[in-house]
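Q: Quick one: the structure is below, and I'll ask about it shortly.
What follows is calculated from the coordinates using simple rules that are stated; it is not laboratory data. Just so it is clear, the model here is predicted, and its values are computed rather than measured. Here the Cβ positions follow ideal geometry from the backbone for every residue, glycine too, while neighbour counts run over all protein chains shown.
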Amino acid sequence: MTPCCRRRNRLITLGSLVFAALFWLEPAQADPSKYPAFAQQKLPEDIKPVMIGIEELVKELKAGAKPVIVDVRTTEEFGEVHILSAVSAPLSEFKDYIKSFPRDRLVVLY
């Protein structure tokens with residue numbers, strides 16, 4: 001087989017895999033029964049989370065908002081790298097931290 005044919009066959013195989021991944025395979029569904037217990041807890045009734053994307057966060061920052069940025073990863077992960085000015089509140093201890101978040105400012109969890 002010539003190098004040109006081998007390259008064409010590789011491209012066809014790669015294209016088939018990409019097509020299968022994009023159009024044929026279904027996305028995996030999360031299984032809440034496998035989440036740690038703290039991830040299944042309910043928020044207090046007076047706390048209503050709103051999901052925002054990075055674009056909206058940037059818009060808020062440009063408008064002068066001073067959000068509290070909370071890193072919910074483990075303490076070790078926070079120690080490796082984190083967003084400047086973020087505070088650490090690991091999910092395993094999150095229940096203890098939630099009471100200390102200000103109610104008059106945007107609170108961003110990541």
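Q: Which of the residues belonging to the stretch 63-83 are loosely packed, with under 12 Cβ neighbours inside 10 Å and either free of Cβ contacts under 8 Å to residues at least 12 places away in the same chain or among the hydrophobic types (A, V, I, L, M, F, W, C) (or both)?
A: 63, 64, 76, 79, 80, 81
Q: Further question: Which residues, counting only those in the stretch 75-97, are under 26 Å from residue 42 (Cβ atoms) and either touching a Leu at 6+ places or on another chain (Cβ under 8 Å) or small (Gly, Ala, Ser) (or both)?
A: If the condition is that a residue be under 26 Å from residue 42 (Cβ atoms) and either touching a Leu at 6+ places or on another chain (Cβ under 8 Å) or small (Gly, Ala, Ser) (or both), then 86, 88, 89, 92 are the ones that fit.
Q: Follow-up question, since we're still on this one. Identify, by number, the condition in (1) surrounded by 10 or more Cβ atoms within 10 Å (Cβ to Cβ); (2) farther than 15 Å from residue 105 by Cα that residue 86 doesn't meet.
A: (2)
Q: Could I ask something else about it? Please enumerate the residues belonging to the stretch 89-109 that are surrounded by 12 or more Cβ atoms within 10 Å (Cβ to Cβ) and within 11 Å of residue 68 (Cα to Cα).
A: Within the stretch 89-109, 101, 106, 107, 108, 109 meet the criteria.
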